[in-house]
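The next block holds one structure in the form of structure tokens; read it before the comments.
Every number in this text was worked out from the coordinates using simple rules, so none of it is lab data. Quick caveat: nothing in here was measured; it's all calculated off a predicted structure.
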Amino acid sequence: MLRLFLKPAIIIIAVLSLFPQVSAEFKEEQQGVQAAYEKAVKAYDRVMSAYSKTKKDIEVIQTKVTETKEDIDKSAAFAKKAQAEASKYSEGLKALADDAQSVVGTVRAEIDDGSGGKAGDRVSSTPDK
């Protein structure tokens with residue numbers, strides 16, 4: 001009868017003796033999985049950090065592009081306004097130049113007709129009678 005109990009006991013002892021080895025292998029695998037998980041978490045954190053930095057950089061670039069576009073639009077509006085003002089003053093100056101040329105021509109004609117001398121010899125505010 002002892003033999004009946006002895007065989008299963010030996011088998012149980014043999015199986016139980018394998019548990020520390022299996023347990024050690026399981027711990028090694030668990031440590032390997034844990035190390036891989038930690039590496040994956042670190043890689044994920046680096047990727048998210050790079051993504052956040054890139055996103056902030058893109059926002060800064062978009063802000064600068066928008067500001068530059070607004071500055072260009074303001075400059076174009078100012079250039080149009082300046083061109084309109086210059087055109088207005090140009091027309092006024094042209095009219096003044098035409099008036100001045102007309103006055104000079106009239107004065108020269110009066111001087112040449114009245115005194116028989118050269119233009120510019122005598123100019124007065126009242127014509128000679």
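Quick notes on this one:
- Segment LYS39-GLU85, length gained on full extension (0.36 nm per residue, minus Cα span): 9.8 nm
- Gain on full stretching of the segment that runs from GLU67 to LEU96 - 0.36 nm per residue minus C-alpha separation: 6.2 nm
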